[in-house]
Amino acid sequence: MTLREPESINLDTPSGPMRTLVLRPDGDGCYPGLIFHSEIFQLTGPIRRTAAFLAGHGFIVALPEIYHEHLPAGTVLGYDAAGSETGNRLKTTKVLQGYDDDNRAVLAYLRDHPAGNGRVGAFGPCIGGHLAFRAALLEGVSATACFYPTDLHKRGLGAGQNDDSLARAAEIRGELMMILGRQDPHVPAEGRDLIRHTLAAAGVNFTWHEVNAAHAFLRDEGLRYDAELSRQLLGQTIDLFRRRLG
């Protein structure tokens, strides 16, 4: 499908307006909605291209700026030391409730979208994978794809670095797709084992994809990009969302 011109909107949250980029198919129809959480660098070129890929397969994709309380609207951090420092600092400056409030605002927007079918899912890489996991804890999220979610195994999200994401796994009612790389130092083997065992013990409906890849292998810039794995796993992601969201 071809796409409409991207739309930038502001969604109301308890901590102020949240700039959100919306991509959707160009044409009549009712499409499922996807909340797409970015890496710590916000809405970079690779993130926007991945969002366009998803939207082009028949979804309304909404990308919130995850640090909207702390950075001017439209800020994109660089894939460099300065960008990493800022993104990682803000990751544990923002309060956990703020991330959840953002999820609720975007999901409400997608459910009520005039071109939507009322069904919603979640997607994200890196911190975005963790934020997508937290979206999966909310009612009505039918499918979620988490690419190498950081800090999930060590409760490191938000101010105080003591999140309850994994501890609440039994609350997930939709289907979960977990994608992790064996060469990812951010989620080592013991962390991957903890996540997998916790999901299984909680009775979550999930699939587990552990691949030979580094962190950020989905990002189509830099030496860690794996085009073939990205093609395969994004294809499986599309299959999941079509099957569960219509």
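No lab work stands behind these numbers, since they all come straight from the coordinates. Since this is a predicted model, take the numbers as computed values, not measurements. So basically every Cβ, Gly included, is an ideal-geometry build from the backbone, and we count neighbours across all protein chains shown.
Those residues that are touching an Asp or Glu at 6+ places or on another chain (Cβ under 9 Å) and touching a residue at least 24 places away in the same chain (Cβ under 8 Å), I need them from segment 1-20; list them, please.
1, 2, 3, 11, 13, 14, 15, 16, 18, 19, 20
Using the structure shown, decide if residue 163 is acidic (Asp, Glu) and assigned to a helix (DSSP H, G or I). Outline the logic, then answer.
Details: acidic (Asp, Glu): yes; assigned to a helix (DSSP H, G or I): no.
Taking the combined requirement at face value, the residue does not satisfy it.
Condition first: touching a Ser or Thr at 6+ places or on another chain (Cβ under 7 Å), at negative phi and in contact (Cβ under 8 Å) with a residue 60 or more places away in the chain. Now tell me which residues in segment 157-174 satisfy that. Step through it out loud before you land on a result.
From segment 157-174, those touching a Ser or Thr at 6+ places or on another chain (Cβ under 7 Å) are 157-159, 161, 166, 169, 174; that's our starting set.
Then drop every residue that is not at negative phi, which leaves 157, 159, 166, 169, 174.
Listed by number, the residues that qualify are 157, 159, 174.
A quick yes/no check of all residues on (1) in a strand (DSSP E or B); (2) among the β-branched types (Val, Ile, Thr):
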residue	(1), (2)
70	no, no
75	no, yes
83	no, no
90	no, no
99	no, no
120	yes, yes
129	no, no
138	no, no
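Hey, among the residues in segment 202-242 that are free of Cβ contacts under 8 Å to residues at least 12 places away in the same chain and either on the phi > 0 side of the Ramachandran plot or not hydroxyl-bearing (Ser, Thr, Tyr) (or both), which one's surrounded by the most Cβ atoms within 10 Å (Cβ to Cβ)? Show your work before the answer.
Residues of segment 202-242 free of Cβ contacts under 8 Å to residues at least 12 places away in the same chain: 223-225, 227-228, 231-232, 235, 239.
Now narrow it down to the ones that are either on the phi > 0 side of the Ramachandran plot or not hydroxyl-bearing (Ser, Thr, Tyr) (or both): 223-224, 227-228, 231-232, 235, 239.
On the way: 223: 6, 224: 15, 227: 10, 228: 9, 231: 10, 232: 13, 235: 11, 239: 12.
Going through the qualifying residues, I end up with 224.
Let me spell it out: the conditions are (1) surrounded by fewer than 22 Cβ atoms within 10 Å (Cβ to Cβ); (2) closer than 22 Å to residue 229 by Cα, and residue 162 meets all of them except one. Which number is the exception?
It is condition (2) that residue 162 fails.
Among the residues of segment 123-151, how many are at positive phi and surrounded by fewer than 24 Cβ atoms within 10 Å (Cβ to Cβ)?
Selection size over segment 123-151: 2.
Going through 34, 54, 43, 63 one at a time, which residue ends up being part of a helix (DSSP H, G or I), within 17 Å of the chain's Cα centre (by Cα), buried (at least 17 other Cβ atoms within 10 Å of the Cβ) and of a type in the set (A, V, I, L, M, F, W, C)?
Of 34, 54, 43, 63, the one residue that is part of a helix (DSSP H, G or I), within 17 Å of the chain's Cα centre (by Cα), buried (at least 17 other Cβ atoms within 10 Å of the Cβ) and of a type in the set (A, V, I, L, M, F, W, C) is 54.
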